1. Check the stretch 217-224 and report whether any residue there is farther than 30 Å from ASP94 by Cβ, among the aliphatic types (A, V, I, L, M), in contact (Cβ under 8 Å) with a residue 60 or more places away in the chain and not in a loop (DSSP other than H, G, I, E, B).
2. List the helices (runs of 4 or more DSSP H) that sit entirely inside the stretch 273-328 and contain at least 3 residues that are modelled with pLDDT under 95 and not assigned by TED's automatic domain parsing to the domain that holds ASP94.
3. Taking the stated definitions as given, is PRO92 in the same structural domain as LEU499 (by TED's automatic domain parsing) and under 13 Å from GLN162 (Cα atoms)?
4. Which of (1) closer than 29 Å to GLY108 by Cβ; (2) free of Cβ contacts under 8 Å to residues at least 24 places away in the same chain; (3) in contact with a strand residue (DSSP E or B) (Cβ under 9 Å, 6 or more places away or on another chain); (4) not β-branched (Val, Ile, Thr) does GLY418 not meet, given it meets every other one?
5. Here's a check for you: in the stretch 27-76, which residue that is part of a loop (DSSP other than H, G, I, E, B) and of a type in the set (Gly, Ala, Ser) is nearest to GLU375 (Cα to Cα)?
6. Just to check your reading of the model, which residue among GLY446, GLY462 is closer than 22 Å to GLU262 by Cβ and either at pLDDT 95 or above or assigned by TED's automatic domain parsing to the domain that holds ASP197 (or both)?
7. Any residue in the stretch 115-137 that's closer than 10 Å to ARG502 by Cα: show its pairings with residues that are modelled with pLDDT of 95 or more and not in a helix (DSSP H, G or I) at Cβ separation under 7 Å, as long as the two are six or more apart or on different chains.
Amino acid sequence: MFTDTRKLPANSLITGDLCIIGAGAAGISMALDWLGRGEKVILLEGGGFEYDDAVQDSYDGRNTGQKYYPLKAARLHYFGGTTGHWAGMCSPYDPIDFAKRDWVPQSGWPIARETLQPYYKKAHGPLQLGDDPYDFDYWEQELPNSTPLPLDSAVIRNKMWQYSLARFGPLYKDVLVKAPNIHLYTYANVAELIANDGLTAIEEARLRMLDGTTHRVRARRFVLACGAIQNARLLLASNKQAPAGLGNANDLVGRYFQEHLEVASAEFWFFKPRPMGLYTYEWKKTRASAELGLQAGIQEELGVLNGTVSFLPLRIGRYRDPKMLTYQKEDPRKAWDNMSEHMVETMKKAREEGISPVLWSYQLNTRMEQCPNPESRITLDKEKDAYGIPRVKLNWALTALDKHSIRSLYEVLGRQAGIAGLGRVRLYEWLRDKKDDTFPDSTNAGWHHMGTTRMCEDPKRGVVDANCRVHGIQNLYVAGSACYPTSGAPNPTLTLVALTLRLSEHLKGLI
């Protein structure tokens with residue numbers, strides 16, 4: 001069932017059993033998991049089915065730390081969320097990502113990798129992936145031209161990726177609109193959560209429209225599925241009863257914002273041409289591909305974070321500007337177009353270069369997890385948006401461990417390339433000075449927002465427990481990557497959906 005909230009009479013009351021706030025990858029995955037059940041599920045989307053700049057403007061905010069994308073353009077505020085322009089890269093987190101690592105502050109999840117395994121498999125449903133595993137040995141036999149680089153497997157691993165083409169908006173709109181027990185409301189912007197007098201349960205969510213009209217939503221359970229920035233913002237802005245914001249008794253909501261550092265870091269110059277099909281990706285054509293990473297034991301030995309290395313032909317990479325510089329328009333459509341147009345021009349220049357030794361060389365691009373840092377955080381600004389909600393400030397703050405980890409990854413890869421007789425690795429200038437822990441403004445991020453309501457059984461160290469319930473509030477939960485204690489090496493969406501489906505199963509046992 002579907003309702004455009006703008007057409008409701010003022011001060012309407014919406015009631016149900018489960019209220020999911022946000023219709024992106026997490027919210028839609030959970031709603032799909034409740035299809036055909038007897039409970040009434042309310043799915044609230046702050047935007048419509050298409051881009052609306054007046055709605056998107058509510059995502060605008062201020063950056064105060066390491067250079068970042070304009071916040072208005074960093075995520076999409078309509079049905080389907082940021083799956084509207086994601087790259088579809090899927091790979092499960094590694095066991096070490098869940099472990100307590102002595103060399104990584106605030107690391108360790110309250111659940112193990114094995115806990116998520118059945119939900120990873122289930123997540124392939126909404127992501128429209130097949131039943132293929134992520135084992136390198138499987139794909140080595142399955143893919144043509146999948147010759148791996150002959151590097152020491154005790155040191156260097158091949159991390160496999162699969163690619164989803166699922167755009168949740170167009171893919172699941174009709175399914176949810178027609179579902180008798182799913183009640184989808186568009187333009188239903190949640191402005192604040194109202195708790196009981198003891199702050200132990202949420203009584204209702206308050207909706208506020210652009211014209212000032214308000215509505216109320218009451219349910220037995222509430223799930224925040226708005227993304228890591230917006231989830232934290234809503235908890236912090238719900239401060240009439242709790243001055244610091246709901247769930248924020250220990251000043252943790254909004255802290256530990258994490259991203260993936262996706263940055264050109266080095267070059268690999270082969271002594272002679274090699275087949276690189278295993279490490280090549282083409283949009284809508286590639287089923288699976290690999291990236292290189294350090295084995296868990298080597299990460300522990302060196303005291304570094306988890307990350308992977310991808311290969312881009314140097315004849316392309318030498319002309320490509322960082323995304324952090326080309327995706328700087330406030331309007332996400334214009335930012336995307338600008339970045340895409342630059343890539344078209346890059347490919348044109350690469351083709352014009354013709355045959356040269358550069359064909360034997362590759363730009364090496366990193367995807368590195370970010371060290372958890374309490375000073376990397378979301379806070380509220382004084383300025384308010386058109387809904388009357390304080391805008392956010394993002395202080396993206398990196399640490400010495402982040403840079404040390406990237407540098408160490410390439411030092412090891414360079415040694416292994418030499419031992420194997422493959423070629424040489426050339427570090428880029430920004431990584432060469434071991435005394436310099438800063439990052440240039442051109443440092444890319446992956447638009448992967450994580451960690452602002454981190455998961456921990458100890459309420460003094462986390463916002464939600466192992467079941468993603470906000471500490472101290474019996475009926476409020478958070479879905480998605482905001483719950484991640486650490487950000488892992490892979491893109492977050494597969495794990496985000498898996499964790500959401502685990503939460504969904506838990507909630508079914510409560511309602």
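The values are calculated or read from the model by the stated rules, or taken from the named source; none is laboratory data. Predicted, not measured: the structure shown is a model, and the values here were computed from it. Cβ: placed from backbone, ideal geometry, glycine included. Neighbour counts: every protein chain shown.
1. yes
2. 314-317
3. yes
4. Only one criterion in (1) closer than 29 Å to GLY108 by Cβ; (2) free of Cβ contacts under 8 Å to residues at least 24 places away in the same chain; (3) in contact with a strand residue (DSSP E or B) (Cβ under 9 Å, 6 or more places away or on another chain); (4) not β-branched (Val, Ile, Thr) is unmet by GLY418, namely (1).
5. GLY65
6. GLY446
7. Here the result reads TYR120/PRO92, each pair linking the stretch 115-137 to a residue that is modelled with pLDDT of 95 or more and not in a helix (DSSP H, G or I).
Table: residues versus (1) surrounded by 18 or more Cβ atoms within 10 Å (Cβ to Cβ); (2) more than 27 Å from the chain's Cα centre (by Cα).
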| position | (1), (2) |
| --- | --- |
| TYR410 | yes, no |
| GLY418 | no, yes |
| LYS435 | no, yes |
| ASP441 | no, no |
| ARG454 | yes, no |
